[in-house]
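Taking it in order: structure first as structure tokens, then the write-up.
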Amino acid sequence: MQKGTRRRSRELALKLIYCFPEGEFDVRLLLDSFWANFRFADDVLGEPLDNVEMPLPVEVARYTEGLVIGVAQNLAQIDQTIGQHSTNWALQRIAQVDLSILRLAAFELLYRPDVPASVAINEAIELGKQYGTKESPAFINGILDKISRQHRAPEK
């Protein structure tokens with residue numbers, strides 16, 4: 001996989017996870033609508049582009065879809081895990097951007113053993129810096145570190 005592919009995929013996945021409606025929904029319909037209507041600049045801000053015909057590398061789309069589908073299929077367990085580790089913060093009180101980042105990274109920590117915990121956490125912190133508030137990186141790091149310690153073997 002080309003360098004930066006997973007980072008770009010995580011950014012796109014974050015945008016999709018942010019759009020998850022309450023209750024049950026068809027994740028395939030959400031993905032199809034997203035791919036048909038949105039393209040984002042490959043820069044720091046990732047601003048939407050007018051041209052949806054711009055090709056997206058297959059590996060970016062594939063990894064993005066794997067993340068989004070994985071989060072959607074395991075959302076109840078992911079939210080329960082986040083809730084258990086977010087001391088004094090009910091899920092409803094967590095900013096939607098931060099919650100979306102936490103869901104994405106928690107999925108990787110819980111269900112993707114091929115992704116090192118340090119990578120999942122660092123990528124989430126970077127997303128927090130880019131899309132969240134100034135408090136987001138520390139908040140995200142604290143919760144994900146707790147999840148990692150409970151659900152992952154220590155890295156060597």
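Readers should treat all values here as calculations from the given coordinates under stated rules, not as data from a laboratory. Just so we're clear, the structure is a prediction, and the values are computed from it rather than from any experiment. Ideal geometry is used to build each Cβ from the backbone, glycine not excepted, and the neighbour counts take in all protein chains shown.
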Exercise. Give the angle, between 0 and 90 degrees and rounded to the nearest 10, that separates the Cα long axis of helix 27-37 from the longest principal axis of the Cα atoms of the chain.
Key: 40
Practice problem: Place the peptides 29-35, 69-75 in order of packing, highest mean first, counting for every residue the other Cβ atoms within 10 Å and averaging per peptide. | Solution: 69-75, 29-35
Quiz item: Helix 117-131 versus the longest principal axis of the chain: what is the Cα-based angle in degrees, 0 to 90, to the nearest 10?
Solution: 60
Quiz prompt | Share of pairwise Cα separations in the stretch 5-151, more than 17 Å, in percent | solution = 59
Quiz item: Against the longest principal axis of the chain, how steep is helix 136-151, in degrees 0 to 90 to the nearest 10, with axes from Cα atoms?
Solution: 70
Self-check item: Computed lengthening from Asp32 to Tyr111, 0.36 nm per intervening residue step minus Cα-Cα distance
Solution: 26.1 nm
